[in-house]
Amino acid sequence: MKSNRKVSRAIQAVLYVRVSSKGQEKQGFSIPAQLRLLRQYGQTQGFEIVKEFRDVETAKQSGRVGFAKMVDFLINNSNCKYLLVEKTDRLYRNFKDYVCLEDIDIEIHLVKEGAVVSSHSKSADKFIHGIKVLMAKNYVDNLSEETRKGMTEKAEQGIWPSVAPMGYRNILGKAGKRTIKPDRRLAPFVIRLFKTYSSGDYSLNEITEKFKGKGLAFRKSNKPLPRSTVHKILTNKMYSGTFQWKGQHYEGKYQPLISMKLWDKVQRVLKRNSAAKGRKS
């Protein structure tokens, strides 16, 4: 699978780069380093790089935006049959990705591995490449498993294990562990939402309308919360200091925004309003 051929004339190729976390992207070296490597390789080999695709991802999933765009481009541009990528585990996250590219019938240059694979490769070379694809998938599966284990361990310690819900924000706590604390801007509005709704004077639609333009909005877009999000907040027990994770209940070691008494009262109002709505329909 050694790449020792030089292209005699400019032949169209695409390149693909990927980092597996936002942290790698922010560090500013991984994607630029891959681009430099692939551009230099393309120039040395006589390729004309017509498109560059990139992905920054953290989740184990197919359907990466850059990867999907690249596949679509290769399908719709039959004159471009070459793909340059750093190495096997940059290109594939699962076996579905492998089959997808194999169906397009392109030549893949794995630059750091010094390998070229295509439908014309020897069976032994394809076999070795297939093993590397499975190893890449195993790495992703293992990383996902370790992530889940780490989140469960945090939950068992009473630490909220995921992205902070509305009214909280993620911070770096003691011993370098990420946890949550009340958001100075949004927490007061969440508390007011619970207290106002507990009065029983409002339906979900009415409380949603009442809080529009009152400061309780999505962090990034600043758009008002829809009814579904308001309902999600009012039914989330974690605001009272206890939370559920993977079917288990845990006592949180973070600052609750409301008392358990207030949370119970809100649930009774929700139940009563739901029953009344059912009777009307």
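Tabulated values for the structure
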{"quantity": "Distance in nm between pseudo-label sites at Arg36 and Ala124 (7 Å out along the Cβ direction from Cα)", "calculated": "3.6"}
{"quantity": "Förster-model FRET efficiency, 25 Å R0, Lys96 and Ser162, C-beta, rounded to 0.05", "calculated": "0.40"}
{"quantity": "Rg followed by Dmax, in Å, when region 158-281 is reduced to its Cα trace", "calculated": "15.1, 54"}
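Where a number appears in this text, it was derived from the coordinates with a stated rule and is not lab data. Every value quoted in this text rests on a predicted model; they were computed, and no experiment measured them. Here the Cβ is made from the backbone with ideal geometry for all residues, glycine too, and neighbour counts use every protein chain on show.
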